[in-house]
Ligand code: HEM
């Protein structure tokens, strides 16, 4: 067995400047699967790098369960029991039933209805910062659209935005001392977010209004109506799934455009490229570093014997930069054919837990990247970005930039078409 005495990959130091893609490329070239030691109960986990093996794991929930969650962490027993009632920790057949309740709200039809509201939101977010000629992009722009959209969908009152956003940060960035004192604080934030969702359900029942919250409260699963607590769990999943991921991708997009002004110029000169730019950003800056599954029985995977109970960790960014699928994989190029990129990246996972909000994610990125390309010119760094401390989420906690407000700044290329 390819035993390794230390941590070849999932080590905070190796992620200090973001996902170490070059290292992942080397590991992928040298190992099909690789055992990595860790500090948790099983003493280690299997890293999976190949696209086919990742697909095999994610598409075989009977062999590789989600029942212990997508993170490496061992959840304390009472918390694990509670977490198993939420979508991301469920296996079939329960998972199918619960997931189907929220799917409609994130299908194409819903997106078409939501798009005008999103375009107006994106414009107003940029209106706030553009006149200043500079901003802290993560908090002031990247976080705003996905958060405001999902809050609008769920009927979160405006006065609670800050509180819910803070809890989400603590939970998603529990390894970063700027957001959480320790991992325990992350677990507590998760509980508080669920409590908030539960009270949001109660307030909707008391004063019914048009939102996904109301729809869910009128739904049934396992032969009974959803309770306020059931809704609280959905709330937690949707807020966490929908905000941190998208904000990190958007901030990553801005950073890549700053590093490659010629790519930004291409986009500004031809807004028809927004769609392929979105897919390239998703390929190149995949925010979710890995997904963990747990083997339900002794079995073989990629020529290795995997023991029952072993943690199997799919490295999502590995196929995204595999030269077998992408020419010049380490180059950010928004002209790549969109369908090809979509087919080969694994940014949204796979199998039954495949990202439920993929249409929402794409639309968030399309709307904001399009709006930026039209109105925000010559972006540049005011300081080196600060990376959040995590081996699970790749993202900046601070990205200070300057720009020339548009339209029509001096020397600014003008867009030719609308998306
Ligand atoms: C760039 C943006 C996004 C990325 C990269 C992303 C990525 C992912 C990934 C990798 C998973 C699989 C988790 C697993 O297998 O355990 C997932 C699941 C999920 N995502 Fe997303 N996501 C994004 C945006 C969104 C948005 C906007 C929403 C909702 C509004 C959302 C809601 C969810 C939910 C609810 C799940 C759990 C699905 C399930 O367990 O069946 N995501 N996402």
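Every number in this text was worked out from the coordinates using simple rules, so none of it is lab data. Quick caveat: nothing in here was measured; it's all calculated off a predicted structure. Positions of Cβ are backbone-derived with ideal geometry, glycine not excepted, and every protein chain shown enters the neighbour counts.
Before anything else, pin down the relative contact order of the chain: Cα pairs under 8 Å, at least 6 apart, normalised by residue count, whole percent.
Taking the mean separation of contacting Cα pairs over the length of the chain, I get 24 percent.
Once you place label points 7 Å from the Cα toward the Cβ at residue 386 and residue 328, how far apart are they in nm?
Placing both labels 7 Å along Cα→Cβ, they lie 3.5 nm apart.
Which order do the peptides 133-142, 222-231 take when ranked by the mean count of other beta-carbon atoms within 10 Å per residue, highest first?
133-142, 222-231
Report the label-to-label distance for residue 22 and residue 210 in nanometres (one decimal), using points 7 Å from each Cα along the Cα→Cβ vector.
5.4
In nm, to one decimal, how far is the modelled label at residue 221 from the one at residue 297, with both set 7 Å along Cα→Cβ?
Reported label-point gap for residue 221 and residue 297 is 2.7 nm.
Alpha carbon centre of segment 184-214 versus segment 282-315: separation in Å?
One Cα centre to the other: 32 Å.
Which three lengths, in whole Å and largest first, does segment 29-110 cover when its Cα atoms are put on their principal axes?
Cα extents, longest axis first: 44, 35, 21 Å.
Using only the Cα atoms of segment 12-405, what semi-axes does the equivalent ellipsoid have when each is the square root of 5 times a gyration tensor eigenvalue? Give whole Å, largest first.
30, 28, 19
For segment 104-200, just list the percent of Cα-Cα distances falling in each 5 Å bin from zero outward, please.
Answer for segment 104-200: a P(r) of 2, 11, 18, 19, 18, 17, 10, 5, 0 percent.
Based only on Cα atoms, what mean projected area does the convex hull of segment 1-137 have, in nm²?
13.2
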